[in-house]
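Peer 1: Dropping a structure here in structure tokens format, bear with me for questions.
Read-outs throughout are calculated quantities, based only on the coordinates presented, and are distinct from any laboratory measurement. From a predicted model like this one, the values you see are computed outputs, not experimental measurements. A quick note on method: Cβ atoms are made from the backbone with ideal geometry, for glycine too, and the neighbour counts reach across all protein chains shown.
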Amino acid sequence: MTHRDDLQTFLEKLDDGWTMDQLQSQLIDAPAEMQVQVRLAQQLKVSAAAMPSLSAATRQSHQRQLMAAFAAENEARALGWWPRLMAGFSGWQHRPVYLVGGAMAALAAIVIIAALLFNGLGRGNTAVALNEATGLVEIAAIDEATWQPLTSASDLGAGQQIRTGSDGHAVLEFVDGSTITLEADSSLAINTLESDGNQLTEVSLTQQKGVSRHDVMPQNGGYDHYLLNTPAGQISVRGTRFNVNVANNGATHVQVDSGQVEMSGQGRTVPIMLGEATLATVTDGPADANTAFNGSGQISTMNGDNWTIGGLPALVPGTAVGRDQVRLNEQVAVTGRLMDDGTWLVDILQPASLITNEFSLIAQLNDFSETAITVGTHQLGITASSIFNDGTNLGQYVTVQVMAQADGQVNVTAVTPLADGDSL
């Protein structure tokens with residue numbers, strides 16, 4: 001394409017709000033095909049404003065379809081396919097258009113323009129987009145404190161930070177389908193964000209507080225393409241589902257629901273496998289990972305660090321997040337680790353309006369008998385009422401529901417195999 005830099009300049013001016021009347025004087029001396037290309041860009045830009053918001057992954061999928069069509073041998077038919085594609089997105093009722101003279105020149109321009117449309121017009125970052133937002137969700141530059149509501153039209157990308165209010169919830173979607181969910185009272189900064197158009201190549205994030213849930217698409221290579229920094233350390237990811245809870249004092253709880261991650265801090269690097277969790281502190285870094293558990297119940301006893309929650313004898317140390325905010329007889333949700341010696345160690349407590357008095361964990365089913373099963377290295381009692389769901393076999397990773405009895409004995413209520421793909 002001739003005068004590519006000039007064409008790019010005109011397209012950027014259109015994106016900055018220039019009208020065709022304003023550009024006309026500068027276009028007088030431009031080649032005829034460039035005048036056609038810029039006018040076409042202006043028309044498509046106007047039309048794109050009426051298009052519904054698309055997620056980053058959807059935009060990239062449509063862009064790949066578009067490029068494939070334009071690469072067809074019959075340029076005229078490829079160009080004729082463009083209006084039909086647009087009709088599928090926005091409900092236009094145009095009939096197919098077939099271009100003949102000057103098709104090659106227009107073809108190159110439309111490929112560029114299509115990329116602008118489906119990746120967000122202009123020079124904005126295209127590797128991440130807002131998928132969902134409820135309540136208060138705001139965005140600001142990392143080096144500024146001017147917060148604005150985060151919308152689908154926001155310039156979301158590297159150099160930006162996001163925060164949620166007490167009622168806030170946001171889902172970010174990356175170009176490869178990876179997602180981050182930010183819960184209430186959370187903050188996340190995007191330090192680095194690079195992609196090759198279809199796949200993330202480098203992501204560096206910083207979470208200062210709150211809860212985030214990450215679903216990262218698998219990548220080839222090592223643990224260096226997706227990094228999450230917290231006050232207590234750095235989490236390195238290759239492809240997995242994991243949850244991160246950063247307390248006000250910087251303590252960071254990391255739980256892996258699929259795949260595996262590594263966490264480094266204070267000179268220590270700890271692998272965290274499927275079903276495991278760690279708690280990292282600013283002073284000590286991450287502890288060794290152990291089987292994670294989650295559940296809820298009423299606090300019935302509080303004797304120093306030894307509590308009973310939902311009938312479960314639990315150790316609640318002074319480092320447990322939220323310990324100072326709960327009281328005896330209060331209903332709470334808990335997250336913690338089942339230690340090698342059988343101790344149910346609580347890492348996080350928070351008030352809960354509904355409780356189940358049940359707790360769950362994920363581990364490999366290694367053995368069973370008439371009275372107990374062994375998951376990971378832990379033996380848990382079973383009774384005649386324990387339910388083993390279809391497809392449960394030795395060697396599988398399973399979700400185990402347990403309930404504490406009046407005497408403190410913990411018995412299994414149900415065992416369910418993980419869904420396909422939920423494995424190492």
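Peer 1: Beyond 15 Å, what share of the Cα-Cα pairs of region 299-361 is found? Please give it as a whole percent.
Peer 2: On the way: 831 of 1953 pairs.
The calculated P(r) of region 299-361 puts 43 percent of pairs beyond 15 Å.
Peer 1: While we're on this one: List every residue whose amide H lies under 5 Å from the amide H of residue 399, counting only residues 5 or more places away in sequence or on a different chain, with H placed 1.01 Å from N in the peptide plane.
Peer 2: 416, 418
Peer 1: Hey, if you put +1 on the Cβ of every Lys and Arg and -1 on every Asp and Glu Cβ in region 140-244, which of 174, 244, 186 ends up farthest toward the positive end of that dipole?
Peer 2: 244
Peer 1: Turning to a different aspect of this structure: Please order 308, 343 by the number of other Cβ within 10 Å, starting at the fewest. Please report the intermediate quantities before stating the final value.
Peer 2: Values: 308 17, 343 14.
Taking fewest neighbouring Cβ atoms as first place, the list is 343, 308.
Peer 1: With charges set only on the Cβ (+1 for Lys and Arg, -1 for Asp and Glu), what does the dipole of region 291-351 come to about its Cα centre, in debye to the nearest 20? Before the final figure, lay out the partial values.
Peer 2: Working: 3 positive and 6 negative charges, 30 e Å.
Charge dipole, region 291-351, about its Cα centre: 140 debye, nearest 20.
Peer 1: To the nearest 20 debye, what is the magnitude of the charge dipole of region 128-268 about its Cα centre, counting +1 on the Cβ of each Lys and Arg and -1 on the Cβ of each Asp and Glu? Before the final figure, lay out the partial values.
Peer 2: On the way: 6 positive and 17 negative charges, 93 e Å.
Once rounded to the nearest 20, the dipole reads 440 debye.
Peer 1: Provide the per-residue ³J(HN,Hα) series for region 245-261, in order, calculated from phi with Karplus coefficients 6.51, -1.76, 1.60 and θ = phi - 60°, each as a whole number of Hz, with x at glycine and proline positions.
Peer 2: Rounded to whole hertz, the list is 10, 10, 7, 4, 8, x, 4, 10, 9, 10, 10, 9, 9, 7, x, 7, 9.
Peer 1: Taking square-rooted eigenvalues a ≥ b ≥ c of the alpha carbon gyration tensor, is region 128-268 rounded, prolate or oblate, where a/c under 1.5 means rounded and, failing that, a/b exceeding b/c means prolate?
Peer 2: oblate
Peer 1: Scan around residue 226 for amide H atoms under 5 Å from its own, H built in the peptide plane at 1.01 Å from N, and keep only partners 5 or more places away or cross-chain.
Peer 2: 203, 237
Peer 1: In the neighborhood of residue 290, defined by Cβ-to-Cβ distances under 11 Å, what is the net charge if each Lys or Arg adds +1 and each Asp or Glu adds -1?
Peer 2: Values: positive: 337; negative: 276, 288, 340, 341, 347.
Net of charged neighbours comes to -4.
Peer 1: Still on this structure, please answer the following. Alpha carbon centre of region 176-196 versus region 363-410: separation in Å?
Peer 2: 36
Peer 1: Which is farthest toward the positive dipole end of region 128-268 among 128, 227, 263, measuring Cα position about the Cα centre, with Cβ charges +1 (Lys, Arg) and -1 (Asp, Glu)?
Peer 2: 263
Peer 1: Please list 3J(HN,Hα) in residue order for region 358-374, calculated via the Karplus relation 6.51 cos²θ - 1.76 cosθ + 1.60 where θ = phi - 60°; whole Hz, with x for glycine and proline.
Peer 2: 10, 9, 10, 8, 10, 7, 7, 7, 9, 6, 8, 9, 6, 10, 7, 10, 10
Peer 1: How would you rank 360, 166, 178, 195, going from fewest to most other Cβ atoms within 10 Å of each one's own Cβ?
Peer 2: Working: 360 16, 166 8, 178 24, 195 19.
Taking fewest neighbouring Cβ atoms as first place, the list is 166, 360, 195, 178.
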